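Below: one structure, written as structure tokens.
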Amino acid sequence: MIMPIYVYGFPVLKKVAEPISNDYPELGDLIENMYQTMYNAKGVGLAAPQVGLSKRIFVVDTIQVMKEEDKHKGIKKVFINPQILEETGNPWSYEEGCLSIPNIHGDVERPAVVTLTYVDENFNEFTETYEGMNARVIQHEYDHIQGKLFIEKLKPLKKKLIQGKLNKMAAGNVTADYKIKVFKP
Ligand SMILES: [Zn+2]
């Protein structure tokens with residue numbers, strides 16, 4: 001089921017999300033719906049707050065954006081109750097966007113390597129290290145469950161330039177070519 005993506009303005013996007021318990025009802029359905037919603041919107045990651053659910057879960061598929069010879073380096077994975085343990089490596093800049101903030105892009109600097117613990121859909125625990133595009137998408141999605149958005153990490157001038165668009169968005173004036181839920185103040 002494709003769910004509507006909540007856009008900028010909704011308080012759920014600014015909240016620290018709650019852990020998922022191992023008896024969470026219909027977790028498999030939620031994960032499936034999150035993947036469908038992400039693919040429908042041509043995204044590489046989607047976090048639960050983006051579908052209005054303040055829970056610590058996100059899905060990632062970077063295989064889509066890897067070059068043909070690098071496909072094996074991509075990941076398709078669900079991260080539940082993740083905890084970032086360490087971010088290392090040289091910070092690098094990349095132009096990010098967000099399904100919850102349609103039509104806005106900007107350069108964000110993030111450390112190159114991230115180590116985190118998480119559980120999968122069967123509540124098996126993992127500790128893993130990612131780099132490059134995998135790390136970046138994980139960091140972006142992790143920010144979502146911490147109630148943070150990539151626009152907060154833009155340079156001050158860029159922030160100024162997009163403020164008008166953001167204000168309009170939060171006032172309900174926004175469109176996208178996928179299903180969205182527009183905030184009505
Ligand atoms: Zn996002």
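The values are calculated or read from the model by the stated rules, or taken from the named source; none is laboratory data. Keep in mind that what you see is a predicted model, and the values were worked out from it rather than measured. Note: ideal-geometry Cβ built from the backbone for every residue, glycine included; neighbour counts use all protein chains shown.
Within the range 87-104, if we keep just the residues that are part of a strand (DSSP E or B) and farther than 23 Å from A48 by Cα, the residue that is farthest from the ligand (Cβ to nearest atom) turns out to be T88. Inspect all residues belonging to the range 47-55 and state whether any of them is touching a Pro at 6+ places or on another chain (Cβ under 8 Å) and buried (at least 16 other Cβ atoms within 10 Å of the Cβ). Yes, the range 47-55 has at least one match. When the range 116-150 is limited to residues that are among the β-branched types (V, I, T) and buried (at least 16 other Cβ atoms within 10 Å of the Cβ), the one that is farthest from the chain's Cα centre (by Cα) turns out to be V119.
Results for (1) charged (D, E, K, R); (2) over 18 Å from V51 (Cα atoms), shown as yes or no for each residue.
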| site | (1), (2) |
| --- | --- |
| G106 | no, yes |
| T117 | no, yes |
| E131 | yes, yes |
| H140 | no, no |
| K159 | yes, yes |
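Pick from the range 16-38 the residues that are over 13 Å from the mean Cα position of the chain (by Cα), polar (S, T, N, Q) and at pLDDT 95 or above: which of them is farthest from A176 (Cα to Cα)? For the range 16-38, the residue satisfying everything is S21. Among the criteria (1) hydroxyl-bearing (S, T, Y); (2) over 21 Å from K15 (Cα atoms); (3) not in a strand (DSSP E or B), the one T127 does not fulfil is (3). Taken over the range 151-164, the criterion of being of a type outside the set (S, T, N, Q), in a helix (DSSP H, G or I) and either more than 16 Å from the ligand (Cβ to nearest atom) or surrounded by 17 or more Cβ atoms within 10 Å (Cβ to Cβ) (or both) is satisfied by I151, K153, P156, L157, K158, K159, K160, L161, I162, G164. Of all the residues in the range 51-86, those that are of a type in the set (V, I, T) and either modelled with pLDDT under 95 or not in a strand (DSSP E or B) (or both) number 5.
Among the residues of the range 39-83, just one is among the aliphatic types (A, V, I, L, M), within 16 Å of the ligand (Cβ to nearest atom) and more than 14 Å from the chain's Cα centre (by Cα), namely V65. Within the range 10-38, being more than 19 Å from V60 (Cβ to Cβ), touching a Phe, Trp or Tyr at 6+ places or on another chain (Cβ under 9 Å) and either within 14 Å of the ligand (Cβ to nearest atom) or among the hydroxyl-bearing types (S, T, Y) (or both) holds for F10, V12. Among the residues of the range 6-39, those that are charged (D, E, K, R) and either under 14 Å from H144 (Cα atoms) or assigned to a loop (DSSP other than H, G, I, E, B) (or both) comprise K14, K15, E18, D23, E26.
Filtered by the rule that a residue be touching a residue at least 60 places away in the same chain (Cβ under 8 Å), out of contact with any Lys or Arg (no Cβ under 8 Å at 6 or more places or on another chain) and away from the ligand (no atom under 11 Å from the Cβ), the range 125-145 gives M133, I138. Remark: pairs (first residue in the range 146-172, closer than 30 Å to I84 by Cα; second residue in a helix (DSSP H, G or I) and more than 16 Å from the ligand (Cβ to nearest atom); Cβ separation under 8 Å; 6+ apart in sequence or on different chains) = I151/K159.
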